[in-house]
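Here, each number is a calculation from the coordinates, and none is a lab measurement. Keep in mind it's a predicted model, so treat the numbers as computed, not measured. So basically every Cβ, Gly included, is an ideal-geometry build from the backbone, and we count neighbours across all protein chains shown.
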Amino acid sequence: MLDLHFHNSATRRKEKFTPLDALHVRMYVCGPTVYDLAHIGNARPVIVFDVLSRLLRRVYPRVTYARNITDVDDKIIDRARDSGEPIDSITTRTTADYHADMASVGAMRPDIEPRATTHIAEMITLIEKLIAGGHAYAAEGHVLFAVKSFDKYGKLSGRSPEDLLAGARVEVATYKNDPGDFVLWKPSTDDMPGWNSPWGRGRPGWHIECSAMSWKHLGESFDIHGGGEDLLFPHHENEVAQSLCAFPGSVFARVWMHNGMLRVNGEKMSKSLGNFRTVRDLLALGPWAGEAYRMLVLKTHYRAVLDYSEDALHGAKKELDRFQRAMGNAKPSAPHADVLAALADDLNTPLAVSVLHRLADAALAGDADAASSLRASVDLLGLCWTDAETWFRGEGDNAVIEAAINARLAARAAKNFAEADRIRADLLAQGILLEDNAGGTTWRRAS
RNA sequence: GGUCCGGUGGCAGAGUGGUGAUGCAGAGGACUGCAAAUCCUCGAAUGCCGGUUCGAUUCCGGCCCGGACCUCCA
């Protein structure tokens, strides 16, 4: 069996991966809060952990990958209030958009996609356990986690409670015993979503949602917890505190994996800077853009900052063009050993991509085995899921193009090169690029 | 201010205690009526200063620069 090694954020070291259950790997990744369209930064962890899940499935007999949908959150409530659209409508619509957008970057659906609103009972159970264990307290309709009750608080993110206070720039609510305490449950007014609880009608805090859903579907302890680097604190730190205190003796997540942030043209993506890109914006560039974005993401190591630009996206597209040409209609054999080795070493996708280029070189030189291995390798990475014909030509009726090509062939046969060039330039203006090969003239869409 | 991560050719981006992958871009060539695609060749990099070492891009320390986080942003 292939040995896997992953960088564990909790220890800040690369470690050999050993699942708790040798036959069944369990992984949890923080999913979206469904109040708006996903942006390309949201898509990065989805792509990264999709590749990880594909790798795990290849190595282990069973993998359970859970990624939640946060469908109760103050951002959703605010959006409903601002737009007038009912909450149910917002969350249903945004969830569907999310599924479509993540499919467009080649991500498979996780095995389980728990929604927060259907796990309120588990959240209440957890909160009751925390109160019973002296780790939480109710105050003014809220329930708060008592940070001081957990001596390992801050260990995951490498912070001490003093550090946290030093940088604190928030007003401390009067109902908190300690400024670092965070909300497990909060009261809802009548116009807000709420559930009955021992502390009155209310709704859960964000952090408890993930602790409850991972517990329900993966158990008290599981193997991998993933998410964006920005979630390390406070979200993941708080999950650890909640779950470990609710289940003494458990380990919660064995390995923590965090992907780096995405920047756009060297700047942090934000609405105020005007460089905000949704996945929809990306797809508007062309039907190839989703695959190209996935390629772009995999060309950078998952822990590094990724700087997005349209130039870089086009560069990634050209690399995919090359893989498509090299593969032709080859049937998949097995991923190249070097691709597997690269992925097994902390998901080194950039190194794996370099192996893909090596295979493409060999395939273009006529090596059929290399073409088959390339096919299997890109499948493992989830790249090139569009067949070559569609990739290069798109879908639709191409009779007009074929007619133009025939006219050009006739002109060339008559040595009327001026006319042949005119036809070619004409087509190029329409986004059609002609290529004269030894076997004849072919065409593809320019981009 | 605190914690953490990182600084490799024009750009992107790996690896490595012993003459630095890969892709894009660029130069030259083959092929082509001309292109495109493909192939061949080439130029081009380890932030700065110390230390350890026979030898450091790699390990250690300092500095400079960039980034993430510091109570609900993936």
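Axis of helix A:399-413 versus longest Cα principal axis of chain A: the two differ by about 40°, to the nearest ten degrees.
Relative protection proxy for A:437-444, A:253-260, A:416-423, from highest mean packing down: A:253-260, A:416-423, A:437-444 (other beta-carbon atoms within 10 angstrom).
When the dipole is taken about the Cα centre of chain A, and only Lys, Arg (+1) and Asp, Glu (-1) are charged at their Cβ, what size is it in debye, to the nearest 20?
Result for chain A is approximately 700 debye, rounded to the nearest 20.
Compared with the dominant Cα axis of chain A, that is its longest principal axis, helix A:349-364 is turned about 20°. In terms of its C-alpha gyration tensor, the range A:29-167 has an oblate overall shape, because the principal axis ratio a/c (a ≥ b ≥ c, square roots of the eigenvalues) is not below 1.5 and a/b does not outweigh b/c. Net charge in the neighbourhood of residue A:436 (other residues with Cβ under 12 Å of its Cβ; Lys, Arg +1, Asp, Glu -1) is +1.
Taking every alpha-carbon pair within the range A:29-104, the share separated by more than 17 Å comes to 50 percent. Charged neighbours of residue A:149, selected by a Cβ distance under 12 Å, balance to -1 (K, R count +1; D, E count -1). Sorted fewest first by neighbouring Cβ atoms within 10 angstrom, A:60, A:302, A:28 come out as A:60, A:302, A:28. With contacts taken as Cα pairs under 8 Å and at least 6 residues apart, chain A reaches a relative contact order of 16 percent. Work out the FRET efficiency for residue A:233 and residue A:318 from their Cβ-Cβ distance, taking R0 = 51 Å, and round it to the nearest 0.05. Efficiency, rounded to the nearest 0.05: 0.85.
Round to the nearest 10 and give me the degree value, 0 to 90, for the angle of helix A:368-381's Cα axis relative to the longest principal axis of chain A. Relative to chain A, helix A:368-381 is tipped by roughly 30 degrees.
May I ask you to compute the full-extension gain from residue A:433 to residue A:196, defined as 0.36 nm times their residue separation minus their alpha-carbon distance, rounded to one decimal in nm?
Numbers: separation 237, 0.36 × 237 = 85.32 nm, distance 6.35 nm.
Working it through step by step, the gained length comes to 79.0 nm.
Whole-Hz Karplus values for the range A:325-339 come out as 4, 5, 7, x, 9, 4, 8, x, 9, 9, x, 4, 4, 6, 5 Hz, taken residue by residue from phi with 6.51 cos²θ - 1.76 cosθ + 1.60 and θ = phi - 60°; glycine and proline positions read x. Summing charges over all other residues whose Cβ lies under 13 Å from the Cβ of residue A:345, with Lys and Arg as +1 and Asp and Glu as -1, gives -1. Label-to-label distance, residue A:307 versus residue A:333, with points set 7 angstrom from Cα along the beta-carbon direction: 4.0 nm. Both radii come from the Cα set of chain A: Rg as radius of gyration, Rh as Kirkwood radius; their ratio Rg/Rh reads 1.06.
What is the range A:380-447 by shape, rounded, prolate or oblate, if you read a ≥ b ≥ c off the alpha carbon gyration tensor as root eigenvalues and call it rounded for a/c under 1.5, prolate for a/b larger than b/c, and oblate otherwise?
prolate
Packing here is the average count of other Cβ atoms within 10 Å per residue, and on that basis the peptides A:396-404, A:335-343, A:43-51, highest first, run A:43-51, A:335-343, A:396-404.
On the basis of the beta-carbon distance and an R0 of 25 Å, residue A:18 and residue A:155 show a calculated FRET efficiency of 0.75.
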